[in-house]
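Enquirer: To start, I am sharing the structure in question, which I have written as structure tokens.
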Amino acid sequence: MTAAPAEPVWAEAVAALNAAPDVALACHLGPDGDALGSLLALALGLRSLGKNVVASWGSDPFRVPPQYAFLPGLDLLSPPAEFPAKPDLLVTFDTGSVDRLGSLAGVIDGAGAVIVVDHHPSNTAYGTVNVIDPDAAASVVLVDELLRRLQVPLTADIAACLYTGLTTDTGSFKYQATTPAVHAFAARLIATGIDHAAIAREVWDTNRFAYVKLLGVLLDRATLEAERGLVWSWSTQADFATYGVGMEDIEGAIDMLRTTVEAEVAVILKETPEGTYAVSMRAKGTTDVGAICVALGGGGHRYAAGFTSDADLATTMDRLRAALDAR
Ligand code: AMP
Ligand code: MN
Ligand code: MN
């Protein structure tokens, strides 16, 4: 576990950003609200300081998940093919390890300096400056502090990005990480005049009918293994094609699965275009799914984590059960 950023770490990050006329920004592939919100908030902030920014992530195809299409600053995004291979300064967000940068992973070696802004306990500290706080509820908490130290005023546009990250990673202010400080931060963001109800509606309460139908398929397939407190389901590339729904659009499906009272752990396996499985795990109670996913080659937090598996569905599930039974 890395300790919260010390004062010299903040100072080094601020100095590097102040000195750089051009800054490249990247978040993890298949971005969620925290990854996108962090990326766009700092991109908007740096633009207001007159910097040239390029912002992206290493997913192919490159598209903004529809639930985040309302975010300000999308005009600052470019596809990964246009990302510089050797930026003087690179900042990564919400990305615990280099492989989570996907097709942009190689930029780490090409970059002059790398500032890592993250809150994953599993972060490998791969930057030249590591702004990492595993106790932060979301990466946007660290971005907010960085913007304050860069003396960037908190505009409503920046606040909308930060609020999106905060509501996403706290599960709409429901998860354990929702401390008094999180509510105080939310209050400060709402005070800028953002339409927080509209953001919540976009992020949590808006789905296409095709998504609702695909959710039905996933729930119909769900299996309860009550003896090990596990509920799980999966989706295939064929499902995504049939329903015209993207892999990253079903981020919320696991939240329905995890309501199962008989299960402490919920799992969804999503087949990727490469034929691997992107595995999402959620826990309530005492199971540390972050530790389990690290053991299985991934990462994440105590209550929400994931890993990628090259094995088939049955083998992946056998490995996962073995890891759970070793608890
Ligand atoms: P997800 O289930 O995709 O929403 O991810 C939950 C948490 O686990 C997030 O904090 C992710 O960053 C992390 N995570 C998901 N997949 C992976 C992976 N393949 N490797 C490392 N961390 C992951
Ligand atoms: Mn994330
Ligand atoms: Mn996060």
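No value in this document is a laboratory result; all are computed from the given coordinates. What you see is a predicted model; the values in this text were computed from it and never measured. Using ideal geometry, Cβ is built from the backbone for each residue, glycine included, and neighbour counts are taken over all protein chains shown.
Enquirer: Please build a GNM for the chain, connecting alpha carbons under 10 Å apart, and tell me which residue among Arg282, Arg208, Arg100 fluctuates the most.
Expert: Arg208
Enquirer: Pick out which of Leu89, Leu224, Leu101 has the largest mean-square fluctuation in a Gaussian network model of the chain, springs linking Cα atoms closer than 10 Å.
Expert: Of Leu89, Leu224, Leu101, the most mobile in the Gaussian network model is Leu224.
Enquirer: Working out 0.36 nm times the residue gap between Asp88 and Asp255, then minus their Cα-Cα distance, what length gain in nm do you get to one decimal?
Expert: Gain on stretching Asp88 to Asp255: 56.1 nm.
Enquirer: Leaving out same-chain residues fewer than 8 places away, which aspartates and glutamates sit with a Cα under 16 Å from that of Lys86?
Expert: Within reach: Asp22, Asp109.
Enquirer: Then there is this: Could you order peptides 57-70, 106-119 by the average number of other Cβ atoms within 10 Å of their residues, highest first?
Expert: Values: 57-70: 17.4, 106-119: 21.0.
Highest mean packing first, the order is 106-119, 57-70.
Enquirer: Stretch Lys213-Asp60 to full length: gain in nm at 0.36 nm per residue minus the Cα-Cα span? Display every interim value, and only then the final one.
Expert: Details: separation 153, 0.36 × 153 = 55.08 nm, distance 2.50 nm.
That pair, Lys213 and Asp60, stretches by 52.6 nm at full extension.
Enquirer: Just want to confirm a number: the relative contact order over segment 209-325, from Cα pairs under 8 angstrom separated by 6+ residues, in percent.
Expert: 19
Enquirer: What aspartates and glutamates could a cross-link reach from Lys270, if we take a straight Cα to Cα line under 17 Å and drop same-chain neighbours fewer than 8 places away?
Expert: Asp32, Asp60, Asp220, Asp239, Glu248, Asp249, Glu251, Asp255, Asp310, Asp312, Asp318
Enquirer: Taking the dipole about the Cα centre of segment 209-325, with the C-beta of Lys and Arg at +1 and of Asp and Glu at -1, give me whichever of Ile292, Ala311, Gly244 is farthest to the positive side.
Expert: Ile292
Enquirer: So, one more: Calculate the spin-label point distance for Asp310 paired with Leu49, positioning each point 7 Å from the Cα along the beta-carbon direction, and give it in nanometres.
Expert: 4.1
Enquirer: On to the next question. Quick check on segment 209-325: of the DSSP beta bridges with both residues there, what percent are antiparallel, nearest 5%?
Expert: Expressed as a percentage, antiparallel bridges in segment 209-325 total about 75.
Enquirer: Using only DSSP helix segments of four residues or longer, with each worth -39500 (n - 2.57), what per-residue ellipticity at 222 nm results for the chain after dividing by its residue count and rounding to 500? Please list the in-between numbers first.
Expert: Numbers: 12 runs with 123 residues, N = 327.
Taken over the chain, the calculation gives -11000 deg cm²/dmol.
Enquirer: Just to confirm my numbers, what's the Cα centroid distance between segment 130-182 and segment 254-327 in Å?
Expert: That distance is 26 Å.
Enquirer: Would you please give the FRET efficiency between Asp99 and Thr236, computed as 1/(1 + (r/R0)^6) with r the Cβ-Cβ distance and R0 = 30 Å, to the nearest 0.05?
Expert: On the way: r = 23 Å, r/R0 = 0.77.
Computed FRET efficiency for Asp99 and Thr236: 0.80.
Enquirer: Right, another one. For the chain, what is the percent of antiparallel DSSP beta bridges, rounded to the nearest 5?
Expert: 40
Enquirer: Still on this structure, I have one more. Please give, to one decimal in nm, the separation of the simple spin-label points placed at Arg201 and Ser78, each 7 Å out from Cα toward the Cβ.
Expert: 3.6
Enquirer: Here's another thing I want to ask about it. How many angstrom lie between the Cα centre of segment 196-238 and the Cα centre of segment 1-40?
Expert: Result: 31 Å between the Cα centres.
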